[in-house]
Structure formats: C-alpha cells, structure tokens
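Before any comments, here is the structure.
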2 protein chains.
Amino acid sequence: MNFGFVCRSCGQRQSFRPGPSTCSCGGTLLVEYDLERAGRTLTKESLKHRVSSMWRYRELLPVQHEDHIISLGEGWSPLIRMHQAERLLPVGKLWVKREEQNPTGSFKSRGFSAALSIARAHGIKKVAVNSNGNAASALAAYAAYAGMEAYVFVPRDCPGLIVEECVQYGAHTCLVDGFIHDAGKIISDGQQVQGWYNVGTLKEPGRAEGKKTMGLELAEQLNWKLPDVIIYPTGGGSGVIGMWNAFQQLKQLGFINGDLPRMVSVQEAGCQPLVDSMAGSGEFKPQVKHVISSPTGMRVPNPPDGHLILSILQESGGTAVAVTREEIQQAGAAYGRLGISASPEGAATLAGLTRLLDQSWIRPDDEVVLFNTSHAVKYLPWKPASSLPVVKTYQDWLQAVK
Amino acid sequence: MNFGFVCRSCGQRQSFRPGPSTCSCGGTLLVEYDLERAGRTLTKESLKHRVSSMWRYRELLPVQHEDHIISLGEGWSPLIRMHQAERLLPVGKLWVKREEQNPTGSFKSRGFSAALSIARAHGIKKVAVNSNGNAASALAAYAAYAGMEAYVFVPRDCPGLIVEECVQYGAHTCLVDGFIHDAGKIISDGQQVQGWYNVGTLKEPGRAEGKKTMGLELAEQLNWKLPDVIIYPTGGGSGVIGMWNAFQQLKQLGFINGDLPRMVSVQEAGCQPLVDSMAGSGEFKPQVKHVISSPTGMRVPNPPDGHLILSILQESGGTAVAVTREEIQQAGAAYGRLGISASPEGAATLAGLTRLLDQSWIRPDDEVVLFNTSHAVKYLPWKPASSLPVVKTYQDWLQAVK
C-alpha cells in the first residue's frame, strides 16, 4: 500500500485501517503516503489530463482500488476572483473558493466521498454521523448513492432545510436536544451495539483526507503559488488540518516552495474556543462557558483536536478571529450583492476579512482566499414536515425508534 | 469576428449584435461561427488543458474579448453514472448531468454567463428577465457580479426560496399575477422607456448559446460518443435548441460522427404544448387550454420558438412525454434515495424515463442521459419575508415602484 498512519504526537507508524484515527498515546493519526512513489505518477503535467473532481489527486487519497471510489462529482470547485470587492477593500487580490458548488451544496461532500470510499473498501454498510447540518446531509447523499444505511444526529435547532435534505436522501434522521458533541455521544454510546461506523469529525481518517483536497486544488488553481492568507470558517477544524497537511505534502513533492499561507480561523462570537485559546495562554482549551452562537457549522465548543488546529494557526503565522452574528448577516448581504450566495459560515470569512483589514493584520498587497462553504438558502428558516424524533441520549433514541 | 447571425427560416446572414435574435422574416436568428477558423485552436487535445467551466469552448461562444467574460464558475458540471438505478431499470447505461452544481444552483447560470458577457461587451448596464424562477435568480447573481442592475419578473406562485435568492442578489424583484409570458409582456411594454436589455428566452443570442455548452460538455465527457437518448425537461426549450446546435457544430468540426441522440422533452401534464403538438398534427401549437401544472420551469404554454423545438425532437427521432405531478414527486423521492437532490424538473426526466421504458420506447441497451437542472431544496414551500410588489401589467409595475 502507498499509505499508512503516523501519529502526530508520538510519531509511531501503523498500517492503515478504517475507524478511529487515534493512536494508543491519544494523538491524532494522520495518513502518511509514500510520496516518492506518488510523485512518479502525480506530476503537474499529469494533472492537466485528470478528472475534474477531487479524485484527480488519487495518489494522495487513502483508497487503493478505483472500484471503491464513491464519487458524486465533488471537488475541483471554482476559485473566483472578486474584482468588485477588490475595488472596495484595501486588499491585493481577493478570491472565493466556491465550495457551495459541491454535489450536496457544501464542502462536506469531499470528506464523505473519501470516508465512504474507505468504508466501501472495507465492506462497511452502516454509517453514522453527528453534525451541525451539512455533514449530515452529505453523509446521507453519499450513503444513498453507495447503497449504505445512514444514521444522522443533529442539534434540534439545526437549519430545517438541511434536515429536510437528510430526510430526502433517506437517512435515519434524529434531532438532538443539545450540541454537536451531545449528538456525538449518542453515536459513541450506540455504535458497538448498532454496528454504526462512526464518520464524525476525526473519528476516521477519510474526512480530513477528503478536505485536504481543498488545499491541493487551491495550489493547483493558483498555478502552484499559494496565497498570503486563507480565511476559513472553523468548527471541527478538519478543513484547516486537511489543508495544512496538503501543503506539507505538496512541499515534499516539490510542487510548491516558500512560505505557506497564514491560516485564519473564523468563529462566531459566543462559540470561539480557538479565538479564546489564541488570545489566552496559546494552549488550546475547549469552551466551557455557555455557548450562545447560532446553529452553524462553526458552533463546536470542543473540537476533537483543538490542539492541532491551534498549532497550525500558530505555525503558519495566522490567527483566529471572532465575528458577531450581525457582522455575519451584513457580510452575507454584501456577498449577495457581489453575486455570491454565501452561507453564514462563508459570510463569516468576509466579516473576518473586514475585521483583519481594520486591524491592518491583512496588508494592502496581500492575496487572500475566502472559503464559501455552503449556499445561503440552505439556512433560511424552514420546518420539516415529517415528524422526527428529538432525543437527548442514546437510551432516548432506542426508545424513540422502537 | 469569428461569428455572425444566420436566420434558420430564410437563411439570411447578418452581423452579430446584442438584442432581439429575430430575423425580419420572423425566424429565429442562430449564431453561426467560422468553424474552420475555430477548429484551428479548438481541438480535442487543446481541450485537455482548458478551464473547467463552459468557457473552455470559447471559440464557440459569441464573445470576442476575454475581458468581457463574466464567469462565476458555470458549466463543466459532473456527469454521474447511476449504477444503482441501472440495476433496477432495464436500461443500458444511465447518466445524470448534475446541472444543480452550477453557481446559482441551476443550469440557468450558463445562459446568463454568456448573455451578460455579450451585454458587457456592448456597454449594457440594465437587464431584465421574465422567468419561472431559476433564470431570475441566475440573472440576479450574474448582474450583481458584473455590477449591472437587474429587474426580474416571476409568476407570484414561483418557488419562494428562488424568489428570496433574487432578493439576496439585490435584483429589483417583482411578482406577476399571471404566467411567464405575462411577465414577459411587462418587460416588452417597458423596455424602451426603462432602458431594460431583455434577456428573456430567445430575446437575445446569449442564453441559447450558453446552454449549448451542455451539449458540448456531454460529448466531451462521454469521450466524443454521444448517448442514444437525452431526456430534458422542457419549458422555453433553449436547452434543446442549444444542445442540438452544439451537436451540429461538433459534427462540422469533425469531433463526432454517426447518429445524434434521440431528444426527449419532458413536460408536466397540464402544460404540455410540445406533447400535444407531437401527438397532434406534428405542427407546433401553443397551449390554449387552461394551464393546470405546477409552477416549475416546465410551465411554458407558449414557448418563443416551439416550432424549432418540435422540429428538433422530430429530426432526432425523439419524442415528447408528459408526466403527472405525482409521478414527478415519486421520481424526486426515488432520486433522493439514489443520492441526488433533484428539482421537480430534474425529477420529471426520471419519471419520463420510467414512462418510456414502460412503452419500450427506450430499449434495454440504450445509453440514456438525464438532466437534473436544479436542487430539490429550492422548491420547498417558503415565503419571502420582504414584501414584494405583485402586478399584472407594466402600468401596475410603474405604480408599484413609484
């Protein structure tokens, strides 16, 4: 095999397998590739002839046989230059990576294409995820396409249209009276008995690897010259982890050189563990105080590997910034007027840009890339017609589905 | 210039210009290219190195200077093989062209990218469209990105989420108490005084040319071997016209040969002028009887050039098929279970396939392509919060905006 695990804490190497990507020492296991071997077929020239999906980087994804790939046309999303915004803002170049053009209308498609391809390769048939919404609908779609059974657990205040998507894709959909980690607890409590393969954030290797392709694409689309700053809405953070990983691999492959981008995580004020940790001791601490932010993908008070995210922000010379609900709304409206339908998470990156320009943290000649992770319309208030169970615990769920 | 007009009725040639693409004889003006010249740079090999948008076919689009192109990342949408469905249905190969992955969540992005690029090339600043929804939101987005002012007129029962998109993109949005042609009347009554550039179906050359790229892509994605059958949801029909045009041009360029696909138009029962005309005299007649179908893109009782659509269906050995609202709903649910979020129009193509399989019109070894033109969620019932004017006539509109 061209790939295996390496623990980012203790450095131990292990052979690749599906399931928990946590080392016995507690560290996160990252997928490591034989880059010398990968580089024999993966070249800048060879990429010009490849599929227009994230699977163009096959040598850097942990799926061995083409037959196992579950693809609905994810990735290779457009990178659009924002000429009008450049005239309004003191920034060198401004780009938007349009992740809302993925098959399920969000960047989450990437992770599940990879995760379920790995699952298929290992004969897995039943998958479960906890999510703030878009990960649930993406899992639902990919599982449907792959003929797997999907169980999704989302906070009860999760956007109704996204919940409806899960229902339409035929997933067993359950609302949770709590946050994303409460939903995760239900899965971990039930997974052994129920036979669920847990595809929650960093619970298996595929999702971060799939998200990694955002970084690979960015480099290729900018002709192997990365931008100065990447602004990314951060919840569980597998996008930050994945992209940073991508850049390391591209460096080792000799595809890029020089400084890497300053990575910026944007969070909504009221759920900002990264922002607080960055401003505090510089050590990651989950948010213990009451969460008061909106139900979006950024609302993750205790990300599975906050330490890793924070260390990436620090190593890159980046930062974390909190923006208010009102700033997000204003940025969403501004985005619309520029022709882009931006989800609250996507709009938060524009709000973050404005903040960082005000602070002169971003310089007038910086090249900046924003990630628009989903469509605005998916977040409009809507109530699913079907009556869905609302539960607090795994025992509740057992009762509800009896 | 590499392109000009030719009248499809009288054959007269004219130089290219924006605005009404109707000949003095009443025929539709088609854009004609110097294909010998185009073929010098547009080759199968050169395409392998081009942008992943519809602008990869620049020589076959009527925009001369690259600077005029208004692109939000439209086209080059995935073509997905439906393996699961193939096991359930007696069909050779089944593909879905995922037009919902366009920047505005629908196939309409293509037409407006082309139409507004032409408009920009000619200094136009104010654009208007009548639409059943997705064309309106696409115009709104592209106009916003291009810094033009957009006026959109849609039937008052048009899907609320799509209306909301128009509002978010900053378009002057007006609901019309009537059908799409009533909305069109308002624009034609007002366009001279208001200075609107009318980008309604077949009112200018760009939209059909933009849609043409669906046909070009299909050929390229299937390695220059077209499928046996294309099933397309038909309202105004510029997609059928555009694709057929694409195939002729590809033939002349020597990129394809042999039989062209049988073109199938699907309409919803209750608004089925093509189906009735096909079953009747074979001459196109607009629907005069009461329209009772749902407010989707297929609800066009009197398409601007129904004769041309019908002649294409006939020439290709194709057909037109009406499916009921219930069949569309069932097909939409089935699509969801296969992992695809299909709009009613997209679902109608799957319903049409089922009908044509029942009739043995489609043969067990046929290779079939369905077009999913938009996302399912955009059609869920929703009421825009903002109070929008509702009008019947141009005079009403003048009053309403005073």
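The values are calculated or read from the model by the stated rules, or taken from the named source; none is laboratory data. Owing to the predicted nature of the structure, the values given are computational and were not obtained by experimental measurement. Cβ sites come from the backbone with ideal geometry, for glycine too, and all protein chains shown count toward neighbours.
Could you list, in sequence order, the residues of region B:62-102 that are in contact (Cβ under 8 Å) with a residue 12 or more places away in the chain and of a type in the set (D, E, K, R)?
Result: B:E74, B:R81, B:K93, B:K97, B:R98, B:E99, B:E100.
For A:S294, indicate whether it is more than 20 Å from A:M263 (Cα to Cα) and over 16 Å from the mean Cα position of the chain (by Cα).
Yes: the conditions hold for A:S294.
Could you please let me know if B:S71 is touching a strand residue (DSSP E or B) at 6+ places or on another chain (Cβ under 8 Å) and part of a loop (DSSP other than H, G, I, E, B)?
yes
Scan A:V321, A:V390, A:V368 and give me the residue that is surrounded by fewer than 17 Cβ atoms within 10 Å (Cβ to Cβ), in contact with a Leu (Cβ under 8 Å, 6 or more places away or on another chain) and more than 11 Å from chain B (Cβ to nearest Cβ).
Exactly one of A:V321, A:V390, A:V368 is surrounded by fewer than 17 Cβ atoms within 10 Å (Cβ to Cβ), in contact with a Leu (Cβ under 8 Å, 6 or more places away or on another chain) and more than 11 Å from chain B (Cβ to nearest Cβ), namely A:V390.
Listed residues B:I340, B:I312, B:I328; which is modelled with pLDDT of 95 or more and assigned to a loop (DSSP other than H, G, I, E, B)?
Of the residues listed, the single one that is modelled with pLDDT of 95 or more and assigned to a loop (DSSP other than H, G, I, E, B) is B:I340.
Restricting to region A:109-138, count the residues that are assigned to a helix (DSSP H, G or I), crowded, with 24+ Cβ neighbours inside 10 Å and aliphatic (A, V, I, L, M).
Here the count works out to 8.
Is it true that some residue in region B:344-363 is of a type in the set (A, V, I, L, M, F, W, C), touching a residue at least 24 places away in the same chain (Cβ under 8 Å), touching a Ser or Thr at 6+ places or on another chain (Cβ under 8 Å) and more than 25 Å from B:I162 (Cα to Cα)?
Within region B:344-363, one or more residues are of a type in the set (A, V, I, L, M, F, W, C), touching a residue at least 24 places away in the same chain (Cβ under 8 Å), touching a Ser or Thr at 6+ places or on another chain (Cβ under 8 Å) and more than 25 Å from B:I162 (Cα to Cα).
If I filter region A:276-299 for residues that are buried (at least 23 other Cβ atoms within 10 Å of the Cβ), more than 14 Å from every other protein chain (Cβ to nearest Cβ) and not in a loop (DSSP other than H, G, I, E, B), do I get at least one hit?
No.
Of the numbered conditions (1) closer than 22 Å to A:Q101 by Cα; (2) touching a residue at least 60 places away in the same chain (Cβ under 8 Å); (3) not hydroxyl-bearing (S, T, Y), B:L313 fails exactly one; give the number of that condition.
Evaluating B:L313 over (1) closer than 22 Å to A:Q101 by Cα; (2) touching a residue at least 60 places away in the same chain (Cβ under 8 Å); (3) not hydroxyl-bearing (S, T, Y) leaves (1) as the failure.
If you check A:K378 against the conditions, is it basic (K, R) and either surrounded by 24 or more Cβ atoms within 10 Å (Cβ to Cβ) or free of Cβ contacts under 8 Å to residues at least 40 places away in the same chain (or both)?
So A:K378 fits the description; yes.
Of everything in region B:126-181, what is among the polar types (S, T, N, Q) and closer than 21 Å to B:L398 by Cβ? Give them in sequence order.
Across region B:126-181, the qualifying residues are B:N130, B:S131, B:T173.
Name the single residue that is surrounded by the most Cβ atoms within 10 Å (Cβ to Cβ) among those in region B:247-269 being farther than 18 Å from B:V368 by Cα and in contact (Cβ under 8 Å) with a residue 24 or more places away in the chain.
Per the stated criteria, the residue is B:E268.
Out of the residues in region A:78-89 meeting the condition of being buried (at least 18 other Cβ atoms within 10 Å of the Cβ) and part of a loop (DSSP other than H, G, I, E, B), tell me which one is farthest from the other protein chains (Cβ to nearest Cβ).
So the residue we want is A:M82.
A:E100: touching a His at 6+ places or on another chain (Cβ under 8 Å), assigned to a helix (DSSP H, G or I) and modelled with pLDDT of 95 or more, yes or no?
yes
Could you say which residue among B:G75, B:G92 is at pLDDT 95 or above and within 13 Å of another protein chain (Cβ to nearest Cβ)?
Testing whether each residue is at pLDDT 95 or above and within 13 Å of another protein chain (Cβ to nearest Cβ) leaves just B:G75.
Only one residue in A:A135, A:A140 is more than 12 Å from chain B (Cβ to nearest Cβ) and not hydroxyl-bearing (S, T, Y). Which one?
After applying the criteria, what remains is A:A135.
Of the conditions (1) under 22 Å from the mean Cα position of the chain (by Cα); (2) within 14 Å of another protein chain (Cβ to nearest Cβ), A:W382 clears all except one; give me its number.
It fails just one condition, (1).
Report, by residue number, each residue of region B:51-66 that is among the charged types (D, E, K, R) and either within 11 Å of chain A (Cβ to nearest Cβ) or buried (at least 16 other Cβ atoms within 10 Å of the Cβ) (or both).
Listed by number, the residues that qualify are B:R56, B:R58, B:E59.
In contact with a Cys (Cβ under 7 Å, 6 or more places away or on another chain), small (G, A, S) and either more than 27 Å from B:L161 (Cβ to Cβ) or surrounded by fewer than 24 Cβ atoms within 10 Å (Cβ to Cβ) (or both), is that true of B:G11?
For B:G11, the condition - in contact with a Cys (Cβ under 7 Å, 6 or more places away or on another chain), small (G, A, S) and either more than 27 Å from B:L161 (Cβ to Cβ) or surrounded by fewer than 24 Cβ atoms within 10 Å (Cβ to Cβ) (or both) - is not met.
Could you list, in sequence order, all residues of region B:151-174 that are more than 10 Å from chain A (Cβ to nearest Cβ), touching a helix residue (DSSP H, G or I) at 6+ places or on another chain (Cβ under 7 Å) and either surrounded by fewer than 24 Cβ atoms within 10 Å (Cβ to Cβ) or in a strand (DSSP E or B) (or both)?
Once the filter is applied, which keeps residues that are more than 10 Å from chain A (Cβ to nearest Cβ), touching a helix residue (DSSP H, G or I) at 6+ places or on another chain (Cβ under 7 Å) and either surrounded by fewer than 24 Cβ atoms within 10 Å (Cβ to Cβ) or in a strand (DSSP E or B) (or both), region B:151-174 yields B:V152, B:F153, B:V154, B:P155, B:T173, B:C174.
When the residues of region A:3-41 are filtered to those that are over 24 Å from the mean Cα position of the chain (by Cα) and part of a loop (DSSP other than H, G, I, E, B), which remaining residue is nearest to A:A115 (Cα to Cα)?
Top of the filtered list is A:D34.
Given the options A:G178, A:G210, name the one that is crowded, with 24+ Cβ neighbours inside 10 Å and within 26 Å of A:A320 (Cα to Cα).
A:G210
Please go through region A:236-256 and give me each residue that is modelled with pLDDT of 95 or more and part of a loop (DSSP other than H, G, I, E, B), ordered by number.
A:L253, A:G254, A:F255, A:I256, listed by residue number.
Checking A:E367 against (1) of a type in the set (D, E, K, R); (2) in contact with a Lys or Arg (Cβ under 7 Å, 6 or more places away or on another chain); (3) not assigned by TED's automatic domain parsing to the domain that holds A:A320: exactly one of these is not met. Which one?
Exception for A:E367: condition (3).
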